[in-house]
Amino acid sequence: MLAHVVEMHQLDKDPERLLHPGGSTASSPELTMNAFELTRYLTYCSEMLAVLGNLAALYAQRHDDPVALDSVDAIELLTTGISQKIWQKMMIINITLGNQER
């Protein structure tokens, strides 16, 4: 499912790495974004999740099958949950770094 792809791509976008850049290991992905860019990237991820949730709801409009409707509810819960985690990351960036790197 596409929501999991969005989730996987933002997993390594950890605000902790902006706060403590020296904590990387040899296998850590390269940190190439500043706070503004990371916040923008995370915003795009959240927007993509919202689109996926809305597409699921649109699909449900034409179906009255309980299994399909349960699946749509599950997709909406999944995308909302992932989006909340992303927003937590953005709040950490905004609270701890503020406008330092903007």
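Annotations for the structure displayed:
- Expected 222 nm ellipticity per residue - DSSP helices of 4 or more, -39500 (n - 2.57), all of the chain, to 500: -24000 deg cm²/dmol
- Highest-MSF residue in the chain out of Ser83, Ser46, Ser24 [GNM, Cα springs under 10 Å]: Ser24
- Residue with peak Gaussian network fluctuation, the chain [Cα springs, cutoff 10 Å], from Ala35, Ala57, Ala26: Ala26
- Surface share of carbon and sulfur [accessible, 1.4 angstrom probe, percent] for the chain: 59 percent
- Label-to-label distance, nm, for residues given as Glu37 and Asp64 (7 Å Cα→Cβ offset): 5.3 nm
- For segment 1-66, the set of GluC sites (Glu not before Pro) satisfying both a DSSP loop assignment and a count of at most 14 other C-beta atoms within 10 Å is given as Glu30.
- The magnitude of the dipole of segment 1-80, with charges of +1 and -1 set on the Cβ of Lys/Arg and Asp/Glu and taken from the Cα centre, is near 260 debye.
- For the chain, diffusion coefficient by Stokes-Einstein and Kirkwood Rh (Cα), 37 °C, 0.692 mPa s, µm²/s: 218 µm²/s
- Solvent exposure of the chain amounts to 67 Å² per residue of accessible area, where only protein heavy atoms count and the probe is 1.4 Å.
- For the chain, averaging the sequence separation of C-alpha pairs within contact (under 8 Å, six or more residues apart) and dividing by the residue count gives a relative contact order of 39 percent.
- Were the residues from Glu30 through Asn94 laid out at 0.36 nm apart, the gain over their Cα-Cα distance would be 20.9 nm.
The values are calculated or read from the model by the stated rules, or taken from the named source; none is laboratory data. Small disclaimer: the values here were computed from a predicted structure and weren't measured. Reconstructed Cβ throughout: ideal geometry from the backbone, glycine too, with neighbour counts over all protein chains shown. Ligands, DNA and RNA are stripped out before the accessible areas are found, and what is left, the full protein with its side chains, is counted by its heavy atoms. Shrake-Rupley method; radii C 1.70, N 1.55, O 1.52, S 1.80 Å.
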